[in-house]
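In what follows, a structure is listed as structure tokens, so that the remarks can point back to it.
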Amino acid sequence: QVQLVESGGGFVQAGGSLTLSCATSGSISSINTWGWYRQAPGKQRDLVAAVTSGGSTNYADSVKGRFTISRDNAKNTVYLQMNSLKPEDTAVYYCNARKFVVNYWGKGTLVTVSS
């Protein structure tokens, strides 16, 4: 099993920044991909950013150039640095770990961006 605990969400004004953290534990040595997803009210959960065990990253078009995903292996933590936040970034952000076809999820952290 893999445990994921997000933190760092909150309320911020448009143009501001937040850094989300995802503390990981359990059987994490064989995780293929770490990611952040988000879900706004009434919408589906979408990928925001992901990083593979080899260090490759990919981002949703809507966040490219503003968000950065990273992983600190020594701290077993995945980060999402979010800059130039927009009201449309408001959502619950979920940490994800994928081991082949198995997905693990955290409980999410709410990010609210005011205009």
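The values are calculated or read from the model by the stated rules, or taken from the named source; none is laboratory data. Note that the coordinates shown come from a computational prediction; the quantities given were computed from them, not determined experimentally. Heads up, the Cβs are rebuilt from the backbone with ideal geometry, glycines too, and the neighbour counts pull from every protein chain shown. Ligands, DNA and RNA are stripped out before the accessible areas are found, and what is left, the full protein with its side chains, is counted by its heavy atoms. Shrake-Rupley method; radii C 1.70, N 1.55, O 1.52, S 1.80 Å.
Some notes on this structure:
- Residues (surrounded by fewer than 13 Cβ atoms within 10 Å (Cβ to Cβ) and over 18 Å from Ser62 (Cα atoms)) located in segment 28-50: Ser29, Ser30, Gly42
- Filtering segment 65-95 to residues that are surrounded by fewer than 16 Cβ atoms within 10 Å (Cβ to Cβ), outside any helix (DSSP H, G or I) and free of Cβ contacts under 8 Å to residues at least 60 places away in the same chain leaves Gly65, Arg66, Ser70, Asp72, Asn73, Ala74, Lys75, Asn76.
- In segment 55-64 there is no residue matching the filter, namely being in contact (Cβ under 8 Å) with a residue 40 or more places away in the chain, in a strand (DSSP E or B) and of a type in the set (S, T, N, Q).
- Test for Thr19: is it open to solvent by 50 Å² or more (accessible area, probe 1.4 Å), polar (S, T, N, Q) and either in contact with a strand residue (DSSP E or B) (Cβ under 6 Å, 6 or more places away or on another chain) or not in a loop (DSSP other than H, G, I, E, B) (or both): yes
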